[in-house]
Amino acid sequence: MKRREILIITLFTFLMLLSTFTNSVLVMASNTLEPELINEISNDLSRSSSCTNKYNANGWSCENRNWYFRVGGVKQKGWLQRGSNWYFLHTTSGQMQTGWLQRGSNWYFLNPPRGGSGHISNRPEGVMITGWLTRGFNSYFLNPPRGVSGHNSNRPEGVMLTGSVQIHSRWYFFNPPVGVAGHNRNHPVGALLW
């Protein structure tokens, strides 16, 4: 093995152990923030840290420690895009969702609440995560935006990829769903196998 490969494996192992002990999520960002989005993201970050009952006819509102997004006083539902950030608002209540989200056969990861287990500190609460994601001993790859290495044009942005995936000219294999060739029942669907 080359020295660089050993260093990368060692670093990856260290990061996985660190995430296990701190019970946090590690994201290896594969893209950078656009300068014009910094204010909007900053507003979203401050929103997530101060949820007290407040009503907003247009924008984020907090009710009983849950976030909603309104336009003209009406709660929005389903996918919501703010700048380059995507959120999912419950299809019935309009409540902002966090953690793992299943929509049909697709899985997404939405940043957990601040102070909660697995919150990614440099991302707003509830925002859809893309790129590498490590939870405990498992690593996942969530389809990044177009133009970013590893993007699968046949799948929606943010969806957990399974099977063979090429990222930065290297091939990885993520556990496919139950019933699909190559599924390993000892690992969660979408977990990095090799």
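The values are calculated or read from the model by the stated rules, or taken from the named source; none is laboratory data. For clarity, every value in this text was computed on a predicted model and none was experimentally measured. Neighbour counts are summed over all protein chains in view; Cβ atoms, including those assigned to glycine, are modelled from backbone coordinates with ideal geometry. Keep in mind that these areas ignore ligands, DNA and RNA; they rest on the heavy atoms of the full protein, side chains included. Shrake-Rupley method; radii C 1.70, N 1.55, O 1.52, S 1.80 Å.
For the stretch 94-107, how many residues meet the condition of being touching a residue at least 24 places away in the same chain (Cβ under 8 Å), assigned to a loop (DSSP other than H, G, I, E, B) and open to solvent by 30 Å² or more (accessible area, probe 1.4 Å)? Show your work before the answer.
Of the stretch 94-107, the ones touching a residue at least 24 places away in the same chain (Cβ under 8 Å) are 94-98, 105-107.
Narrowing the set further to residues that are assigned to a loop (DSSP other than H, G, I, E, B) leaves 94-95, 97-98, 105.
Of the ones still in play, those that are also open to solvent by 30 Å² or more (accessible area, probe 1.4 Å) are 95, 97-98, 105.
So the answer is 4.
With respect to the numbered conditions (1) in contact with a helix residue (DSSP H, G or I) (Cβ under 9 Å, 6 or more places away or on another chain); (2) aliphatic (A, V, I, L, M); (3) at pLDDT below 90, which one is the sole condition not fulfilled by ILE120?
Condition not satisfied by ILE120: (1).
Looking only at residues that are of a type in the set (Ser, Thr, Tyr) and closer than 17 Å to VAL189 by Cα in the stretch 86-117, which one is modelled with the lowest pLDDT?
Residues of the stretch 86-117 that are of a type in the set (Ser, Thr, Tyr), as a first pass: 87, 91-93, 98, 105, 108, 117.
After this cut, where a residue has to be closer than 17 Å to VAL189 by Cα as well, the list is 105, 108.
Values: SER105: 88, TYR108: 95.
Looking at residues that are of a type in the set (Ser, Thr, Tyr) and closer than 17 Å to VAL189 by Cα, I get SER105.
Looking only at residues in the stretch 108-121 that are surrounded by fewer than 18 Cβ atoms within 10 Å (Cβ to Cβ) and without any contact (Cβ under 8 Å) to a residue 60 or more places away in the chain, which one is farthest from the chain's Cα centre (by Cα)?
Only one residue tops the list, namely GLY115.
Any chance the stretch 162-182 includes a residue that's open to solvent by 50 Å² or more (accessible area, probe 1.4 Å) and among the β-branched types (Val, Ile, Thr)?
yes
Search the stretch 76-85 for residues being at pLDDT 95 or above and buried (at least 16 other Cβ atoms within 10 Å of the Cβ), and hand back the single one that is farthest from the chain's Cα centre (by Cα).
LYS77
State all residues of the stretch 127-149 that are in a loop (DSSP other than H, G, I, E, B), open to solvent by 10 Å² or more (accessible area, probe 1.4 Å) and hydrophobic (A, V, I, L, M, F, W, C); if no residue qualifies, say none. Talk me through it step by step, then tell me what you get.
Here is the first cut: in the stretch 127-149, the ones in a loop (DSSP other than H, G, I, E, B) are 127, 129-130, 136-137, 143-149.
Adding the requirement that they be open to solvent by 10 Å² or more (accessible area, probe 1.4 Å) leaves 130, 136-137, 145-149.
Correct list: PHE137, VAL148.
Starting from residues that are charged (D, E, K, R) and assigned to a loop (DSSP other than H, G, I, E, B), keep the ones in the stretch 150-194 and report whichever is modelled with the highest pLDDT. First the steps, then the outcome.
Pass one, the stretch 150-194, residues charged (D, E, K, R): 155, 157, 170, 185.
From what is left, the residues that are assigned to a loop (DSSP other than H, G, I, E, B) are 155, 157, 185.
Values: ARG155: 88, GLU157: 91, ARG185: 71.
Only one residue tops the list, namely GLU157.
Looking at the stretch 122-133, I want the residues that are closer than 22 Å to SER61 by Cα and without any contact (Cβ under 8 Å) to a residue 60 or more places away in the chain and have a partner that is among the polar types (S, T, N, Q) and in a loop (DSSP other than H, G, I, E, B) with Cβ atoms under 9 Å, at least 6 apart or on another chain. Which pairs are those?
Note: pairs meeting the criteria are MET128/ASN111.
Checking the condition closer than 30 Å to LYS54 by Cα and of a type outside the set (D, E, K, R), which residue from GLY94, GLY131, GLY150 passes?
Details: GLY131 fails: closer than 30 Å to LYS54 by Cα; GLY150 fails: closer than 30 Å to LYS54 by Cα.
None of the others qualify; the one that does is GLY94.
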